[in-house]
Each structure stands twice: as structure tokens, then as C-alpha cells.
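The values are calculated or read from the model by the stated rules, or taken from the named source; none is laboratory data. Keep in mind that this is a model prediction, so the values were computed, not measured. No Cβ is skipped: glycine too gets one built from the backbone with ideal geometry, and neighbour counts run over all protein chains shown. In case anyone asks, the SASA skips ligands and DNA or RNA and just uses the protein heavy atoms, side chains included. Shrake-Rupley method; radii C 1.70, N 1.55, O 1.52, S 1.80 Å.
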Amino acid sequence: MRPNLTILAYMQTTFWQTTNNNRQLLKDSFMVELVEGTRKLRHVFLFTDLLLCAKLKKQIGGKNQQYDCKWYIPLTELTFQGPEEMEPLTIPQVPDEELDAIKVKISHLRSEIQREKRANKGSKVIDRLRKKLSEQESLLLLTSPSMPLRLFNKNGKSYSFLISSDYERSEWREIIREQQQKCVKTPSLTSMELQILTSSCLKLQTVHSIPLSLNKEEDESSGLYGFLNVIVHSASGLKQSLNLYCTLEVDSFGFFLNKAKTRVYRYTTEPKWNEEFEIELEGSQTLRLLCYEKSYNRTKLNKEDADSTDRIIGKGQILLDPQILQGKDWQRTVIPMNGIEVKLSMKFTSREFSLKRMPSEKPMGVFGVKISTVTKRERSKVPYIVRQCLEEIERRGMEEVGIYRVSGVATDIQALKTAFDTNNKDVSVMMSEMDVNAIAGTLKLYFRELPEPLFTDELYPNFAGGITLTDSVAKESCMLNLLLSLPEPNLVTFLFLLDHLKRVAEKESINKMSLHNLATVFGPTLLRPAEKDSKIPSNPTQPISMGDSWSLEVMAQ
């Protein structure tokens, strides 16, 4: 057996000596491939002349790791556009509650590793915990992505990957297209050449851990927790007039989510959005910005991803440095992208300060005023602001992707806040002209600024205790009894809101907001007590896992 291995090693060396001038590794990454409706974890290698998809074999009996090639495509044979009669891709979705359960396990394992380090326990205990952590991170990588990246071989075969964000998908397309301009037709590899190339991937790989976003020591910063206010000012450097808008993505547990979107600035080379967004951060380390050209041709379908005809014309990112963002002042920055420059301002508020529920100094307003005071003054069972916001969202926001998750423009939200506080008679007209995400943001802000949460400070410990009950019948009974013990305005308002959220969740296939997603958004806002009554860490990189976990579970129940 050894002579064969020696021969293979010799051939591998010779192969690379003769081909190294032509073939080099450009990019590699762990990715999720969709195979006959099943998610499969793969390691993808992009070389200067071909794309190779491999599977990491399981280690048996202490043997070295090995890759098994699943398929490869010469870059001259690869295209992103499928045939005209191509069937739409069916993507198996993993329930949000399963994804959140994995994230909770990851958080607990990280905390446990930190505790063991501080206690100076043996390395065996920490190694065992790290192995469990790696397993959970791999599971999250496998189950999270849902954005398709489809590849086609000119011989008719097709392959599908699932990506976590448009930014990442764009990166793969760009580097492949750029290399396709340079490479020449590659002869088909023999089985021996393919085996040698696949074996060489172990030495060539640049990404060694799963997933790469979480590949760091546990004692490093786990990211920021709190709220990031971002003003997208303007863009410069455009060569021609376009219809432009920007989206903002931030990471959480190594995966990026779209959190905000500017309005479309029509036909200009110098768009000036000057729009402010408030983005919730959950262990976030990076802010990404993508600039799109808006397409108004609704009849034209994008054959590459079948979900957007808008073209990315630039993208860039910036690290969220806690040291820089800790000050109270706005931090101005510029993100360069493909010859374009986008000007931003950022200001971070840690959860320690974002949870202060301050009573309003305007007794005749509605924000920061007790819900019982407002309903008594209005002679209604549900505050006017809640009814108006829900009515407008029901009218035109039920199919909005990410409704309640995607941030609205902060200046629009503040304008609506002022209008409701001053009893402006034109508030309904203002709402009809605003982006529906601003209306959803106004409603969330109203609940967040109540002097005490909708579920009251007094009952919060009872809800937190009830959710720990192991008997499902007892838990349900406890939750119901606690709910019925709320003051009447609080209870009626909550049931009114809950009825609306159920209707939103019925449109989940379109708006991507399940009941669990909505519970994640509203749980902490409706349940978390005022700051003086809660144990809040002062470290902006420390998550409030226990309180938020209770809030989410109570809301879900």
C-alpha cells in the first residue's frame, strides 16, 4: 500500500509542478448544496480554470482528512443562466424555532467554555465543549441559508447552492465572471488528474473551520448588542444617471440579514438619500452596504435567481469597532465600492441605555404615557396609534417581505411620533404617503417607549417563572391566567395586536415572517421590564440571553 501512496504523492508533486503556473486557487468556502431537495455541506474550490465541489470525508481510525470530489465544471462551460423552460427551485425551509434553538445552544456552549477557562479546568473538558460547539455551528451553517445560487453546465447539468445573503452571492458571481474573461478552454481531467487535484485541496484550502464567520477564539469579542443608527447620506462617482437604492445587512451568528432599505432615488448620478435607520444588533461585527439599480420592467424575469431583476452596481462593508462606536457622537465614514463612494454616519447605543423606559414630559402625548391614561383620555379600549398603524399595515403591508423586521426610515418614524404626540389631524394622510416599514417602526417604538412594558413590570417575574414549567398543560394554564390578570387596556391591546400578527403570519410564504419571527421581534419589546428592574450587563458585547430568551418564549407561548 505504501508504494502506491508514494507514487501518488510523487505524481501529485509532479502534477503541481507542471500545472502550477496555469492553475491557482482563487477562492474556497464551505457552502450548502441542494441535492434532490436535501441540504448537503460542501467545500467549494474556485481555481483559475475550473470550479470544484468536494465533500470532506469522515475521519476513521486516526487517518488524515480527505476530500471526495462530487463534481467539477470548467469555467468556460459554466453559466449562471438556465434554459427558458427551467423549473423554479423548491427550497426546503427549516422552521425558525429550530434555528433559534441552535443559536441558544451555541450561546450556552460559548459561555460554558468561558467559565471553564476562568476555572482553569483541564483541556479535555474544553476540547469536548469545543467539539460540541463546532457541531452546532456546522448544523447552523447547513440549515440557515435560503438564497439560491444556481450554476449551469453547457452540457445541460445544473447545480444549486444556498447562500445567506445577496452580498455573498454577488461575490461568487463577480469573481467567476472576472476569471471567465481570462481563462481558456481546459481539457477534461482524467480520473487520476482529478484525484490528484482533489487531494491537493487539503494543502491549498484557505478556509479550515466551519463556518468561517465563527472561526475565532471564544475570548474574542462576540460582537455588539444594542441599536445602530445609520444615516445613508449620498453616493458619488456614478458615470451615468440611474434609479438607485441601498440596502444594509448586518451579521448575527455568522450569517447576514437584510435590515434596511432606502427609497429609490430616481434617475441621477448623485443620489442624496439622507435617510436614517435604527438597526438592532445581535452579536454583530460587520455592516454591509449594497447599492442597486432599480428595474421597473416587471415582465422581465431574472433567470439567475428568479427573485429580483434589480442589478447590484456596488457593494462594500465596514467593521463595527466597539472602541470607535462607544462615543455618543455620530461617526462619519465612506464606503468605497467599484469606483462609487457612499457616505454614511453611524451611532451605537448599547442595550444598557436602549432599555430605559422614560415617562413622557408631555402629559397630552401618547409616547411614554401609560396605556391606561391614553385609552381613558381617548375613551377607547385600544390606543388610537395602535389602531391606525395596524389598519395601514393591514391595508398595504401584509405582503411586504420582512415586515416588522426590516427597519423603517428613522426620520419618518420621528415625524409620525410627533404627529401622534401633537394629535395632528393629518396623521392618516402622512401614513398613506410613507413607506410601510416606517409605520411598523412607529408601532414598535410606541411599545418600546411605554413607561412600563405591555405585560407590566409587576408580572414579568411571574411570566419568567411560568415559562420554566416542564409540564406543557401547566405552562399553558399559567400563561393564560397571567395574561387574564393584566389590566384591561393592556390585555385588550395585546389581543388586538395578536390577532393582527396571526394574519401577518398567514402570509408567511410571501412576507417571510412566521409567528416565531414575529415573537422574536415583539417579545423583548412587550415583555422586557424597565431598566431599573432588570439586570442588564454594562458590556456592549455581552448578550442579554436569559431575559430575551424568557421574553421570546413567553411571546411564542
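At a glance:
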{"item": "Leading residue by the ranking (most open to solvent (accessible area, probe 1.4 Å)) among those in the range 253-282 that are on the phi < 0 side of the Ramachandran plot and aromatic (Phe, Trp, Tyr)", "result": "Tyr265"}
{"item": "Matching residues, the range 377-416, being open to solvent by 40 Å² or more (accessible area, probe 1.4 Å) and either in a loop (DSSP other than H, G, I, E, B) or in contact (Cβ under 8 Å) with a residue 24 or more places away in the chain (or both)", "result": "Arg379, Lys381, Tyr384, Arg387, Glu394, Arg396, Glu399, Glu400, Val401, Arg405, Thr411, Asp412"}
{"item": "Condition met for Leu445 (hydrophobic (A, V, I, L, M, F, W, C) and either touching a residue at least 60 places away in the same chain (Cβ under 8 Å) or open to solvent by 40 Å² or more (accessible area, probe 1.4 Å) (or both))", "result": "yes"}
{"item": "Neighbours by Cβ (under 7 Å, 6+ apart or cross-chain): first from the range 137-149, within 10 Å of Ser165 (Cβ to Cβ); second among the acidic types (Asp, Glu) and not in a strand (DSSP E or B)", "result": "Met147/Asp166"}
{"item": "Filter result (outside any strand (DSSP E or B) and under 30 Å from Gln240 (Cβ atoms)) within the range 320-344", "result": "Asn338, Gly339"}
{"item": "Test set (1) part of a helix (DSSP H, G or I); (2) surrounded by 14 or more Cβ atoms within 10 Å (Cβ to Cβ) - Arg42 fails condition number", "result": "(1)"}
{"item": "For Ile175: the one exception among (1) surrounded by 14 or more Cβ atoms within 10 Å (Cβ to Cβ); (2) in a helix (DSSP H, G or I); (3) at pLDDT 90 or above", "result": "(1)"}
{"item": "Within the range 73-95, considering residues that are open to solvent by 100 Å² or more (accessible area, probe 1.4 Å) and of a type outside the set (S, T, N, Q), the one modelled with the highest pLDDT", "result": "Pro88"}
{"item": "Among the residues listed as Lys347, Lys356, Lys328, Lys362, the single one being open to solvent by 30 Å² or more (accessible area, probe 1.4 Å) and modelled with pLDDT of 85 or more", "result": "Lys347"}
{"item": "Considering residues of the range 450-468 that are assigned to a loop (DSSP other than H, G, I, E, B) and hydrophobic (A, V, I, L, M, F, W, C) only, the residue most open to solvent (accessible area, probe 1.4 Å)", "result": "Leu459"}
{"item": "Index of the failed condition, Glu506 passing every other in (1) modelled with pLDDT of 55 or more; (2) within 21 Å of Val369 (Cβ to Cβ); (3) surrounded by fewer than 16 Cβ atoms within 10 Å (Cβ to Cβ)", "result": "(2)"}
{"item": "Inter-residue pairs, beta-carbon under 8 Å, first closer than 15 Å to Trp273 by Cα and free of Cβ contacts under 8 Å to residues at least 40 places away in the same chain and in the range 333-352, second assigned to a strand (DSSP E or B) and open to solvent by 60 Å² or more (accessible area, probe 1.4 Å), 6+ apart", "result": "Val334/Glu341; Val334/Lys343"}
{"item": "One residue from Ser485, Ser549, Ser545 being at pLDDT below 55, small (Gly, Ala, Ser) and out of contact with any helix residue (DSSP H, G or I) (no Cβ under 6 Å at 6 or more places or on another chain)", "result": "Ser549"}
{"item": "Check on Thr198, at pLDDT below 85 and either crowded, with 16+ Cβ neighbours inside 10 Å or within 29 Å of Gly316 (Cβ to Cβ) (or both)", "result": "no"}
{"item": "Any hit, the range 109-125, residues being of a type in the set (S, T, N, Q), open to solvent by less than 40 Å² (accessible area, probe 1.4 Å) and either assigned to a helix (DSSP H, G or I) or touching a Gly at 6+ places or on another chain (Cβ under 6 Å) (or both)", "result": "no"}
{"item": "Extreme residue, modelled with the highest pLDDT, among residues of the range 511-542 that are open to solvent by 40 Å² or more (accessible area, probe 1.4 Å) and farther than 14 Å from Tyr404 by Cα", "result": "Glu531"}
{"item": "Within the range 258-301, strands (runs of 3 or more DSSP E) holding 2 or more residues that are of a type in the set (A, V, I, L, M)", "result": "272-284, 286-293"}
{"item": "Residue check, Phe447 within 20 Å of Met398 (Cβ to Cβ) and either in contact with a Pro (Cβ under 9 Å, 6 or more places away or on another chain) or not in a helix (DSSP H, G or I) (or both)", "result": "yes"}
{"item": "Lone unmet requirement of (1) modelled with pLDDT under 85; (2) over 25 Å from Ser29 (Cα atoms) for Leu228", "result": "(1)"}
